[in-house]
Amino acid sequence: MNKSILIVGALAFLLFLGCSQETTAPSKNEPNSTNNEMANFSCKTESLLDSSGIKIICGGDSIGVVFNGSNGTKGTDGEDGQDGEDGINGTNGIDGTNGVDGKDGTSCSIIPLESIDAHKLMCGGDSVGILYNGTNGIDGKDGTNGADGKDGVDGTGCTSTEVTSEYLGKTGILVQCGDNEPVYIWNGKDGIDGVDGTNGVDGVDGTDGCTSTAVIEDITGISGVRVQCGDEEPTYVWDGADGADGINGTNGVDGKDGVDGINGTNGIDGKDGLDGTGCTSTAVTDELTGKSGVRVQCGDGEPVYVWNGMDGEDGADGVSCYVQENADLSGFDVYCGGLKVGTLQNGQDGINGVDGTNGTDGKNGVDGTGCTSTAVIDSVTGKSGVRVQCGEDEPTYIWDGADGVTNKVEELSEQCLAIRAIKNDFIPITDIFPCVRSNEKLAFIIRHAARDRDASGSLASLNSEGRSQSLELGERLSATGDFFYMHTHYYRNMETVMLMAQGKGQTIPDSASLYSVIEDEYHLQTQDLLESWFVKDETKVDACKSPQSWGWSAYSKFAYEEENLTACQAAFYDVDDRVQDFIAKYFTYEQMHDMTMAISHDQFVVPFLVSISDRQLDLRFHNHENDFNYWINYLTGVAIIVDPDNQVTIIPVKSLDDAYLRVY
């Protein structure tokens with residue numbers, strides 16, 4: 001498709017959207033298909049106050065008004081239209097590029113360390129950990145002429161059981177030592193064979209990782225774990241033996257679990273190119289109005305007419321838009337700034353109208369000025385664009401995608417300005433994105449999804465409702481681009497991240513990687529998202545809370561700074577200072593990602609909300625004993641918008657229908 005047709009098509013799509021629905025600028029510029037890139041030009045419509053029509057606004061300026069037409073009189077049945085000419089066949093789609101070969105998986109091996117009675121685990125040539133054999137407890141010393149020593153306390157026995165996680169779909173070993181939290185050692189999964197692509201090169205199979213199996217020694221009866229890495233000799237890690245009688249001996253240290261081998265990544269297959277729809281454009285003149293323009297015919301669809309209009313004022317640079325064929329709808333999806341803003345469908349033949357009475361003769365129309373448009377390239381700057389010539393007037397040039405003037409602020413709608421000023425209510429999280437300028441960055445800090453009331457430990461997971469909440473939120477945000485994730489070491493936070501990314505269709509590592517790798521291109525694990533960020537002296541926190549109330553009350557009481565100031569000030573830092581410290585550490589413009597999703601906890605988010613709302617939100621849990629109408633719901637928190645000058649806007653947000661917990 002040549003350059004002039006592409007530009008004319010873009011103008012047609014924008015005019016279609018302006019007259020069919022109200023649109024707002026997307027929050028971010030996203031990479032667009034190079035085959036469908038169009039000139040930057042942002043338009044929207046606003047209803048007139050009396051609902052008599054709509055106003056068309058391009059680049060922040062009104063360029064015209066479209067009034068609702070009055071009901072027409074019934075016309076006579078139209079004659080059958082003549083058959084249209086056959087459309088030109090579309091060009092063949094370009095073959096997909098070859099898939100990139102997958103990297104070989106890193107193999108692991110175990111090296112005996114006789115000097116310390118242990119084994120070193122090597123993966124890809126690097127040491128990733130040491131497996132220590134449990135040592136026997138030291139014998140107690142005999143008492144001097146004393147009574148017989150008491151029997152030694154039994155060493156903490158460990159048991160290992162083969163388990164299968166229905167949720168993760170993994171098999172492995174559950175290691176239980178006394179009353180401690182159980183530890184799970186999951187077997188590495190085999191790499192999935194890549195799907196054959198068009199002329200794609202097959203990915204190399206990943207090397208198998210290590211497996212571990214619970215075993216019991218036939219002679220001694222000692223239990224332990226057998227670690228098998230590929231074809232190498234297996235290694236056994238035995239449970240520590242009990243100490244001898246006498247004064248209580250020290251229990252043997254349990255051997256550490258082996259790390260799963262890393263699966264090899266399959267090569268990505270190249271995608272087949274889509275068949276292009278052939279389009280033709282023809283210069284035409286309307287015999288009735290005298291207007292000139294272009295008739296665009298794509299395949300067998302109804303032709304589209306783009307009429308040359310009067311010269312308008314130069315518009316502000318807008319976001320890039322492009323169209324993508326949608327075969328299911330027999331039309332095209334329109335994307336602006338990476339967001340789908342509308343659909344162009346081929347219209348169906350209308351039903352013949354009932355005969356109507358003859359209408360009154362219309363007045364003669366005012367003669368219009370004919371305009372022509374031509375694709376041009378500036379010989380000096382190299383910019384491409386369109387030259388619009390109307391009659392004998394000076395020609396006007398519309399250049400593709402010029403850079404915005406640095407000192408000109410992108411205009412926002414009155415609705416967006418109102419949303420960005422909200423302090424005393426929670427805004428739905430999806431309403432934030434259209435109100436972020438294209439040069440601004442965005443971060444969210446929200447509470448994790450739902451858990452059971454008694455699931456409070458660091459290893460506790462989400463319940464079924466929480467898993468559904470995380471997936472559904474990811475699906476609702478699927479058109480916004482990829483997030484960089486932040487979270488604590490709590491499993492329910494990592495589970496919220498994994499399921500939200502799954503709902504978005506975003507690829508990130510599994511929970512084992514999120515737990516063991518502190519920071520990479522996908523995520524950052526930080527304990528600064530815990531309530532301890534606000535705590536000065538942990539031993540004095542209980543003195544700040546309200547009598548007969550939950551420990552939660554201390555985290556609302558100190559933030560409002562209304563009572564018991566001496567006790568609360570001894571336990572906590574100043575809440576406003578700590579909020580600003582957190583933003584300065586993680587969310588300055590230069591260091592933050594374009595979009596960040598931080599999953600935190602209620603006792604961190606509540607003080608944050610109290611501070612940024614200037615105490616206008618009522619989260620005074622300490623004044624309402626165990627009344628959860630004054631505590632935040634799951635997936636509730638704040639949106640943080642930062643511009644290039646590090647001017648910060650913070651808005652309370654909710655992801656569920658209700659921002660308050662209500663029942664717990």
In segment 605-632, the residues that are touching a residue at least 40 places away in the same chain (Cβ under 8 Å) and either farther than 23 Å from ALA421 by Cα or open to solvent by 20 Å² or more (accessible area, probe 1.4 Å) (or both): ASP614, ARG615, GLN616, ARG620, PHE621, HIS622, ASN623, GLU625, ASN626, TYR630
Per-region count, segment 426-463, residues of a type in the set (Lys, Arg) and modelled with pLDDT under 95: 1
Positions within segment 413-455 being touching a residue at least 40 places away in the same chain (Cβ under 8 Å), under 21 Å from GLY59 (Cβ atoms) and aliphatic (A, V, I, L, M), in sequence order: VAL436
All positions within segment 478-523 that are more than 17 Å from ARG467 (Cα to Cα) and of a type in the set (S, T, N, Q): THR480, THR488, THR507, SER513, SER516
Helices (runs of 4 or more DSSP H) completely within segment 464-582 that count 2 or more residues being open to solvent by 20 Å² or more (accessible area, probe 1.4 Å), at pLDDT below 95 and touching a Cys at 6+ places or on another chain (Cβ under 9 Å): 565-571
Scan of segment 641-664 for residues that are assigned to a strand (DSSP E or B) and open to solvent by less than 10 Å² (accessible area, probe 1.4 Å), ordered by number: ILE641, VAL642, ILE651, PRO652, VAL653
Residue within segment 446-461 that is touching a Leu at 6+ places or on another chain (Cβ under 9 Å) and either among the β-branched types (Val, Ile, Thr) or not in a loop (DSSP other than H, G, I, E, B) (or both) present: yes
Selection within segment 583-640 - assigned to a loop (DSSP other than H, G, I, E, B) and touching a Pro at 6+ places or on another chain (Cβ under 7 Å): TYR589, SER613, LEU617
Checklist (1) surrounded by fewer than 19 Cβ atoms within 10 Å (Cβ to Cβ); (2) under 17 Å from LEU339 (Cβ atoms); (3) not β-branched (Val, Ile, Thr) applied to CYS435, failing item: (1)
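The values are calculated or read from the model by the stated rules, or taken from the named source; none is laboratory data. In this text, all values refer to a predicted model and were calculated from it rather than measured experimentally. Neighbour counts run over all protein chains shown; Cβ positions are idealised from the backbone, glycine included. Just the protein is used for accessible areas: all its heavy atoms, side chains included, with ligands, DNA and RNA removed. Shrake-Rupley method; radii C 1.70, N 1.55, O 1.52, S 1.80 Å.
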